[in-house]
Amino acid sequence: MPGSRVPGRTWTVRLTGHADHSASVTCSTEACRMPPRSKDTAALKRFAAEHVRAHARLATVRPDTACACRAAQCALHETRTQCTGSTLLVLVHNPAVGQVWTLTEICQSCAPLIPHTAILGRSQPQAQARRAPVTATVPAPATAPAAAPLPVAGGFSSPQAAPEAPAARRRPHRTARPRRAS
């Protein structure tokens, strides 16, 4: 049917700790190859962030997509709303927890209601989508060092083959206030 909408897609990458102080990374896409279980949780966390980045780069936001949030009965947010607006590709990642990254296609109404989100892409009308595909970048996890996040080109399971990282953005320098005399 020409006017029907397809269900919104969702990818979830999870870092899971185990009793022997090792961890493993899983992806909701079964075709993705994950690294073996390891005690190097920092490396696995970087891999998980890069894996989500690869999914975001390859996912073109489809203009005929229904909100994935509505399909999940708005489980991503507490406030009820009507699903309206264009489709967005959104990353949901709470840096305080830092163990689950969810990449999902949702509507413009739901996106601002979900905490810890970053909008990575927007749908374009069918004619524009053929001319200019949407590209996305995923913010680095808050706990990783600034030089660690690299864009992943092509393969999901090969972050070592990624090109050089762009120059890291620096915070503006804060000038120290003079101390008050006692």
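Values computed for the structure shown
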| quantity | calculated |
| --- | --- |
| Exposure proxy ranking, count of Cβ atoms within 10 Å, fewest first, for 105, 78 | 78, 105 |
| Footprinting exposure proxy for 21, 77, 51, 93 (fewest neighbouring C-beta atoms within 10 Å first) | 21, 77, 93, 51 |
| Mean Cα-pair separation over length for region 37-120, i.e. relative contact order, pairs under 8 Å, 6 or more apart, % | 30 |
| Coil-residue trypsin sites (Lys or Arg not before Pro) of region 1-61, DSSP, other Cβ within 10 Å capped at 10 | 33 |
| Separation in nanometres of the label points that stand 7 Å from Cα toward Cβ, at residue 5 and residue 100 | 2.4 |
| Computed label-point distance, nm, for sites residue 22 and residue 180 using a 7 Å Cα→Cβ extension | 5.7 |
| Under 5 Å, built H, 5+ apart or other chain: amide partners of residue 120 | 89, 90, 91 |
| Net charge over other residues, Cβ less than 15 angstrom from the Cβ of residue 29 (K, R count +1; D, E count -1) | +2 |
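No value in this document is a laboratory result; all are computed from the given coordinates. Not measured: the values here are computed from a predicted model. A quick note on method: Cβ atoms are made from the backbone with ideal geometry, for glycine too, and the neighbour counts reach across all protein chains shown.
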